[in-house]
Amino acid sequence: MAILLLISVFVIATCGLVYELIAGTLASYLLGDSVTQFSTIIGVYLFAMGIGSWLSRYIDKHLLATFVKIEILIGVVGGSSAAVLFLLFEHVNSFAIPLYLIVSVIGTLVGIEIPLLLRILKNKFAFKDLVSKVFTFDYIGALFASLLFPFILVPYLGLVRSAFMFGIFNVLVALWMLLKFGDQVKLMHLHRATAIIALLALAIGFIYSDRIMSLSESQIYPDKIIYSESTHYQRIIITKSPVELRLFLNGNLQFSTRDEYRYHEALVHPGMAMLNQPKKALILGGGDGLAAREVLKYPSIESVTQIELDPEMIKLFSSNDILTSLNKKAFFSPKVHVINADAFVWLKKNADQNTNEKYDFISADFPDPSNYSIGKLYTQSFYRLLYNKVSDDGIIVIQSTSPFVARKAFWCVNNTLQSVGFYTKSYHAYVPSFGEWGFTLASKKPIILADKYIEGLKFVSPATVATMFSFPDDMSYVKTDVNRLDNQALVRYFEKEWAEYGVY
């Protein structure tokens with residue numbers, strides 16, 4: 001019987017950490033900046049656990065009955081937490097209030113669990129064995145949750161269904177305790193009925209998780225959602241209206257079919273047109289294949305190496321007829337070689353192996369530097385790796401956020417590239433879905449703009465490019481810190497400027 005109680009410790013420890021991870025992931029999906037969100041969620045959760053542990057001292061009687069009540073409450077609150085938060089997101093002025101309130105309630109209840117179990121088990125083990133066994137099972141449960149969450153729960157169940165499932169586990173612990181020790185619990189039948197009702201409610205939530213998620217996302221996205229998936233790395237949403245498709249990653253717009261050609265032509269052709277018969281291209285990011293589509297318009301191109309972190313993006317844009325028509329079946333081209341890897345890790349591995357392969361054109365089309373994990377792809381360390389991969393006459397283009405909204409962040413990219421020895425030229429283009437958007441060209445030699453471009457382009461031409469490299473005063477150059485791994489100045493600039501604009 002004692003070992004079964006210790007197994008209960010394992011279960012409740014796993015449940016507790018899963019709720020914490022769900023809250024952190026959900027907050028990073030909806031609010032951005034995963035480092036800040038996870039840091040504050042963990043801090044509040046642990047503080048609330050401390051409060052719960054302190055409050056447990058005032059529970060003197062009916063320990064088993066109280067423990068059962070706590071398990072049912074954790075199951076209900078924790079199990080429904082993701083669904084409630086997703087549904088509330090569009091209906092509250094300050095999402096942080098319900099977010100941290102729910103995290104605090106769960107943390108407080110979880111903080112009461114272990115002290116109560118210690119007292120319930122005190123007559124079954126010697127004190128030193130009791131403490132070591134309980135915390136051993138507690139920490140093993142935490143490890144199990146930390147491995148289960150990213151590899152199984154998020155990609156295969158999603159946040160809402162995972163929360164309901166672990167809420168069910170909490171309630172099952174309560175029911176098991178009632179089954180084994182019901183004679184020691186007053187009003188046992190009432191407790192059992194409450195647990196069964198909670199179990200049924202959570203089971204219904206688990207069954208209808210997809211509908212709940214669809215309802216919440218329909219409130220966030222105004223157009224009809226035609227595709228949604230949680231991968232190991234991100235939440236992918238595609239919406240459709242009568243006039244356009246839109247791709248969102250973790251809630252952030254990536255492109256609209258109405259004007260994506262403006263963005264991708266501006267990303268690729270000012271740099272490619274400067275090259276004489278480019279043969280090898282490297283595309284970092286851009287898992288939608290739209291940058292590859294533009295690069296493949298050059299007959300001289302012999303190979304395109306596509307580095308994309310999320311294999312599900314490649315799969316989606318290689319299998320859906322609408323999306324493959326959009327990227328002109330770029331991933332089916334024999335010239336395109338896809339590698340699913342972290343761009344930083346891949347470049348570092350190539351550098352360590354002294355790979356001599358150079359590229360004439362490199363496109364770094366990463367998401368905006370809204371958190372430190374993405375910010376590393378805009379640092380001196382990353383650009384030094386790029387310096388070693390571009391040919392002596394080659395060109396690199398970097399997506400550099402909006403020079404109008406985030407002026408310092410935009411020029412920080414330019415200044416960081418220059419700090420590792422690149423010659424640079426920055427430019428901008430108007431994309432209606434995004435507004436003024438910025439790019440930076442980098443080369444080992446002084447950059448001379450092209451005076452002609454390939455035929456068939458809708459947006460890029462000598463006339464439009466001339467305006468791209470001209471900056472009005474409100475977007476003109478400003479001095480900034482250089483972005484390094486140890487300071488992440490770019491992320492700080494980006495957060496501050498976009499927050500002032502009312503986005504982050």
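Bear in mind these aren't lab numbers, they're just calculated from the coordinates by the rules spelled out. Treat the numbers as computed from the prediction; the structure is a model and nothing was measured. Cβ coordinates were reconstructed from backbone atoms using ideal geometry, including for glycine residues, and neighbour counts include every protein chain displayed.
Here are some pairs, 348/452; 279/348; 335/358; 328/376; 240/329; which of them have Cα atoms lying more than 25 Å apart in this structure? The answer is 348/452; 328/376. The number of Lys pairs in the stretch 1-152 with C-alpha atoms less than 18 Å apart, excluding pairs fewer than 8 positions apart on the same chain, is 4.
For a protection proxy built on the mean count of beta-carbon atoms within 10 angstrom, sort 291-298, 314-321 highest first, please.
Sorting 291-298, 314-321 by mean packing, highest first, produces 291-298, 314-321.
Scattering from the stretch 339-485 was approximated by placing one identical point on each alpha carbon and applying the Debye formula without solvent; log10 I(q)/I(0) at 0.13, 0.17 1/Å stands at -0.60, -1.02. Assuming 1.002 mPa s and 20 °C, estimate D for the stretch 2-217 with Stokes-Einstein, Rh taken as the Kirkwood radius over Cα pairs, in µm²/s. Estimated diffusion coefficient is 122 µm²/s. For residue 392, the shell of other residues with beta-carbons less than 15 Å away shows a net charge of +3, using +1 for Lys and Arg and -1 for Asp and Glu.
How long are the semi-axes of the equivalent ellipsoid of the chain, taking √(5λ) for every eigenvalue λ of the Cα gyration tensor, in whole Å from largest down? Please list the in-between numbers first.
Working: eigenvalues 535, 102, 83 Å².
The three semi-axes for the chain are 52, 23, 20 Å.
Sort the following peptides by mean Cβ neighbour count (other Cβ atoms within 10 Å, averaged over residues), highest first: 86-99, 166-179, 378-391. Mind dumping the intermediate values first?
Numbers: 86-99: 14.3, 166-179: 22.7, 378-391: 19.7.
Packing order, densest peptide first, comes out as 166-179, 378-391, 86-99.
Only helices enter this figure: runs of n ≥ 4 DSSP H residues, each worth -39500 (n - 2.57), summed and divided by the residues of the chain, yield -17500 deg cm²/dmol at 222 nm to the nearest 500.
Within the same chain, lysines fewer than 8 places from residue 425 are excluded, and of the rest, those with a Cα less than 16 Å from its Cα are 408, 444, 445, 479. Listed values for the stretch 341-352 are Karplus-derived 3J(HN,Hα) couplings in whole Hz (6.51 cos²θ - 1.76 cosθ + 1.60, θ = phi - 60°), namely 6, 6, 4, 5, 5, 5, 5, 5, 4, 4, 5, 5, and x replaces Gly and Pro.
If Lys and Arg each add +1 and Asp and Glu each add -1, what is the summed charge of the other residues whose beta carbon sits under 11 Å from the beta carbon of residue 280? My count for the surroundings of residue 280 gives +1.
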